[in-house]
Structure formats: C-alpha cells, structure tokens
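**Q** First, the structure itself, so that you have it in front of you.
The values are calculated or read from the model by the stated rules, or taken from the named source; none is laboratory data. For clarity, every value in this text was computed on a predicted model and none was experimentally measured. As a convention, Cβ positions derive from the backbone with ideal geometry for all residues, glycine included, and neighbour counts pool all protein chains shown. To get the accessible areas, we keep the full protein, side chains included, count just its heavy atoms, and leave off ligands, DNA and RNA. Shrake-Rupley method; radii C 1.70, N 1.55, O 1.52, S 1.80 Å.
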Amino acid sequence: MHDSKRATWQFAIAALPGCECVPATLPVEQPITGYKDAGVVPVVDVTPMCTSSLTQIRLKRVPSPVSGNDVEAPSTVGRSVFCAMGEWMTVVESATEYSEYSLTAATCVEPGCTGRQQIKVAQKCFIAVSSNVPRRVLDTVKVTSPVGCNATCAETPQCEACSFNAGTSVCTLLGPAFTGSFCAATQIIYEKRANTECQGRTRPVYTTKRVIPQQFVVDDNYSPGSCSDASNVVAAPASRTSPPCGVWSPGYRRIVFDAIMHNGSHVVFENYGTGALVDWDDVVGSWFFHVGDNNFFFKSGTCVRPPARPMPGCDCIPALPTEAPMAGYRDDGVAATMDLAPVCPNLVQLHVRRATFNGVESEVVNTVGRAIYCAMRTWMNIIEEGTTYLEYTVVAVTCVDRI
C-alpha cells in the first residue's frame with residue numbers, strides 16, 4: 001500500500017525533460033449551468049486544488065459514471081491536480097475515497113448562476129371567463145386564496161382551467177373539455193393561457209436585475225408550523241440568490257427553507273446551492289421556490305434551523321430506505337449512520353428528491369464530512385465540514401463500495 005494515492009507507481013515530482021504537461025497551465029472554461037466562476041484558479045499539487053467549494057473538471061477519457069457527461073463539478077474536499085508524466089491528472093486523496101482520472105480543463109466554481117437565469121417560470125397567466133363548457137375534474141384541493149388556486153393549476157401540467165369557491169376554500173382543477181353534447185351550468189372559471197394571450201400581463205424577460213415590487217416580502221405573514229417555533233427562525237431568505245438561506249460555517253449548516261404553501265401546509269425545502277432560489281412570479285402572483293427543473297409556489301416562507309430533537313409528530317417516517325447499487329458498485333452491508341459524519345465508511349449512493357445530478361436522480365459520492373439528518377419530517381443530506389456547502393433532500397441512502 002503506497003502512502004500516496006497518485007497511481008500505483010512512483011514518479012518524480014519534478015517532471016523529467018520532455019515529460020512536462022502540455023499545455024503547461026491547465027486550461028479553464030466557462031462554468032456549466034447552475035454554477036459560477038469562483039474567481040480563483042486551481043493550484044497544482046495542493047489539496048484542495050481550489051479554495052472554492054467545487055471544481056469543474058473536464059474529463060479526457062472516462063465520462064462521469066452517473067451522468068455520462070465529460071464535465072462535472074464535484075467537491076474540492078481531498079481533491080488535487082498534478083502532472084503525471086505529461087498527463088494532467090486529478091485525484092481524490094481522502095481517507096474514504098479513491099478516484100483518479102485524466103482531464104483537459106479545471107475551473108474553480110461555486111453553486112449559483114450569473115447573468116440571465118435559465119429558470120422555467122410558469123410562463124402562464126389566467127383569464128376569468130364565464131363558461132358553460134363541461135370539463136373533466138382533475139382534482140379538488142384546499143387553498144387559501146384564488147392566487148393559490150391559480151398557482152396549483154400553473155404547476156399541474158394537465159390543468160387547463162380552475163375555479164375557486166371562497167366559501168369552502170376549495171380549488172377545482174379542470175382538464176380538457178368533454179366532446180359531444182353536454183349541458184353545464186354557467187360559472188366563472190380561470191383559464192390557463194400563454195402569457196402572450198393576456199393583454200397587459202406579458203411577463204418581462206427574466207433577469208436577475210428585474211426589481212421585485214417593494215410590497216412583496218417573502219416572509220410576510222409567516223408563522224412556524226407544528227414542527228418548529230419562533231426560536232428556530234433564522235432569517236428571511238435572499239431573493240434570487242443561491243443558496244437562498246446563505247452559506248453557513250461548519251457546525252451551523254443545518255438550515256432549511258420552511259414554506260407555507262397555498263393550501264396552508266408547511267413544506268421543507270433544501271438550502272441547495274446549485275441554482276436553487278426564491279423568486280416572485282408576477283403573472284401568477286405568487287412566490288415560488290425553484291430547485292432542479294421545478295417551481296413550487298408558496299405564500300410565505302423563511303429560513304429555519306430545524307430542532308435538533310424533532311417535536312412530537314415531526315419525526316422522519318418511514319426510516320430512510322436503501323436502493324440497489326448502481327453499476328460498478330456493490331452494497332457494502334453497512335447501514336447509513338444518521339446525524340453523524342461520515343454517513344458511510346466508504347462511499348454513499350444518494351437518491352435525491354428534488355435536485356438532480358446533471359439530470360440524474362442518483363449518484364455515488366464521497367462521504368467526507370457528509371451527514372444525513374431529519375429536518376422536520378424531511379430527510380436531508382448535508383456536507384458539514386470543509387469548504388463545500390451542499391444540502392438537498394433525499395429519499396434513499398445506500399452505503400456502497402466499488403466492485
């Protein structure tokens with residue numbers, strides 16, 4: 001067993017004549033979607049290679065075993081870059097993980113976006129019409145306002161219109177019209193239309209510079225639910241900033257976004273650093289939490305530190321399940337450890353709930369500083385040490401090792 005994990009043979013630190021890496025300086029490139037340039041350059045032969053939380057690396061031969069892409073942005077924890085006899089190489093030198101591959105570019109990045117955000121906002125508006133056309137009823141849900149009804153319809157692809165009963169607070173989601181000869185009572189419904197069909201309500205081009213009206217305050221009328229109290233509230237989130245609740249120091253990172261939905265329920269969202277943010281939809285008339293490729297509309301919300309000991313009825317049930325290992329890995333027969341880092345002795349396979357790994361829901365990652373904890377009925381993954389800060393909800397966790 002070598003003391004160094006840099007390959008299975010030894011080579012000189014100073015390259016022999018004619019064996020230097022070409023180009024002499026490892027190129028950088030534009031950050032991929034969901035990341036921004038950290039403004040620092042990778043340092044050769046130093047761990048971590050970036051002072052930022054993540055390093056975007058372009059692989060030369062081996063694609064990512066998860067996404068199949070030749071570029072990814074893994075953690076900098078234990079990662080270095082070095083010249084191996086004319087070949088640029090990156091290696092993870094932590095105690096629990098070993099991976100090494102050649103690369104052609106390395107860029108120090110941070111989670112987030114710069115310039116124009118590529119967010120899939122609703123791009124829909126609603127027009128009140130008097131209609132006697134019978135439609136298929138998709139669902140009925142409890143909401144607290146007509147805005148909540150519109151928001152629920154906006155995030156339901158099959159919904160073409162909706163109606164709201166103020167007396168019962170019931171929102172009826174309506175689908176396609178029935179064909180044939182049917183009779184129906186005339187009622188006021190709100191038909192979902194493309195923004196361009198709503199005169200005077202066309203959405204402005206979405207940029208980070210668009211001003212949110214002053215009266216729209218994201219934590220206005222927020223009150224804790226049954227799983228937290230006022231002492232757990234940290235601060236209101238920053239709009240259009242990723243992560244929404246900021247980056248916290250090691251030991252204080254268990255922070256989530258607690259949203260009051262339009263049906264009055266509380267939903268816990270991850271303080272995820274890669275493109276997750278809070279924003280206002282000026283056509284639907286609602287705040288939304290954006291993570292992955294989805295928008296979740298809500299009435300009010302704020303940043304909360306979940307109680308270390310769950311309040312009555314707020315445990316994460318059921319226990320976090322496991323799943324079959326991905327190709328190239330095996331179950332190492334060890335149960336994941338809750339609340340303590342590392343969550344697994346070798347590697348951990350995570351199945352995420354909302355965020356994705358370049359479009360893939362499961363990925364095998366290192367366990368350095370990584371913990372799983374219960375955040376008010378929601379299982380959460382977090383990195384609790386080092387320069388990396390990532391947090392996302394998970395639905396399955398499996399301790400694995402390479403085959």
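**Q** Taking Ala396 as meeting all but one of (1) of a type outside the set (Lys, Arg); (2) surrounded by fewer than 20 Cβ atoms within 10 Å (Cβ to Cβ); (3) modelled with pLDDT under 90; (4) within 17 Å of the chain's Cα centre (by Cα), write down the number of the exception.
**A** Ala396 satisfies all of (1) of a type outside the set (Lys, Arg); (2) surrounded by fewer than 20 Cβ atoms within 10 Å (Cβ to Cβ); (3) modelled with pLDDT under 90; (4) within 17 Å of the chain's Cα centre (by Cα) except (3).
**Q** Looking at the stretch 40-58 only, could you name the residues that are free of Cβ contacts under 8 Å to residues at least 40 places away in the same chain and either among the aromatic types (Phe, Trp, Tyr) or over 15 Å from Leu103 (Cα atoms) (or both)?
**A** Val46
**Q** Related question: Identify, please: which residue in the stretch 199-222 is open to solvent by less than 60 Å² (accessible area, probe 1.4 Å) and modelled with pLDDT of 85 or more and is, among those, nearest to Asp282 (Cα to Cα)?
**A** Val218
Per-residue answers, yes or no, for (1) in contact with a Gly (Cβ under 7 Å, 6 or more places away or on another chain); (2) assigned to a strand (DSSP E or B); (3) of a type in the set (S, T, N, Q); (4) open to solvent by less than 10 Å² (accessible area, probe 1.4 Å):
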| position | (1), (2), (3), (4) |
| --- | --- |
| Phe257 | yes, yes, no, yes |
| Ala308 | no, no, no, no |
| Met311 | no, no, no, no |
| Cys314 | no, no, no, yes |
| Leu320 | no, no, no, no |
| Met326 | no, no, no, no |
| Gly333 | no, no, no, no |
| Gln349 | no, yes, yes, yes |
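Residue-by-condition table, conditions (1) in contact with a strand residue (DSSP E or B) (Cβ under 8 Å, 6 or more places away or on another chain); (2) at pLDDT below 90; (3) open to solvent by 20 Å² or more (accessible area, probe 1.4 Å):
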site	(1), (2), (3)
Gln123	yes, yes, yes
Ser130	yes, yes, yes
Leu138	yes, no, yes
Val147	yes, yes, yes
Thr152	yes, yes, yes
Gln158	yes, no, yes
Val170	yes, no, yes
Leu174	yes, no, no
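**Q** Something else: Listed residues Asp258, Asp281; which is at pLDDT below 95 and acidic (Asp, Glu)?
**A** Testing whether each residue is at pLDDT below 95 and acidic (Asp, Glu) leaves just Asp281.
**Q** With respect to Thr8, is the statement that it is at pLDDT below 80, over 26 Å from the mean Cα position of the chain (by Cα) and β-branched (Val, Ile, Thr) true?
**A** yes
**Q** Under the condition of being touching a His at 6+ places or on another chain (Cβ under 9 Å) and aromatic (Phe, Trp, Tyr), which residue from the stretch 275-306 is most open to solvent (accessible area, probe 1.4 Å)?
**A** Of everything passing the filter in the stretch 275-306, Phe296 is most open to solvent (accessible area, probe 1.4 Å).
**Q** Let me ask something additional. Take the conditions more than 25 Å from Gly369 (Cα to Cα) and either modelled with pLDDT of 80 or more or not in a loop (DSSP other than H, G, I, E, B) (or both) and apply them to Pro17. Does it pass?
**A** Here the answer is yes, as Pro17 does meet what is asked.
**Q** Would you check which residues across the stretch 358-377 are in a loop (DSSP other than H, G, I, E, B), surrounded by 21 or more Cβ atoms within 10 Å (Cβ to Cβ) and at pLDDT 90 or above and list them?
**A** Hit for the stretch 358-377 is Met376, nothing else.
**Q** Answer yes or no as to whether Gln30 is modelled with pLDDT of 80 or more and either at positive phi or surrounded by 15 or more Cβ atoms within 10 Å (Cβ to Cβ) (or both).
**A** no
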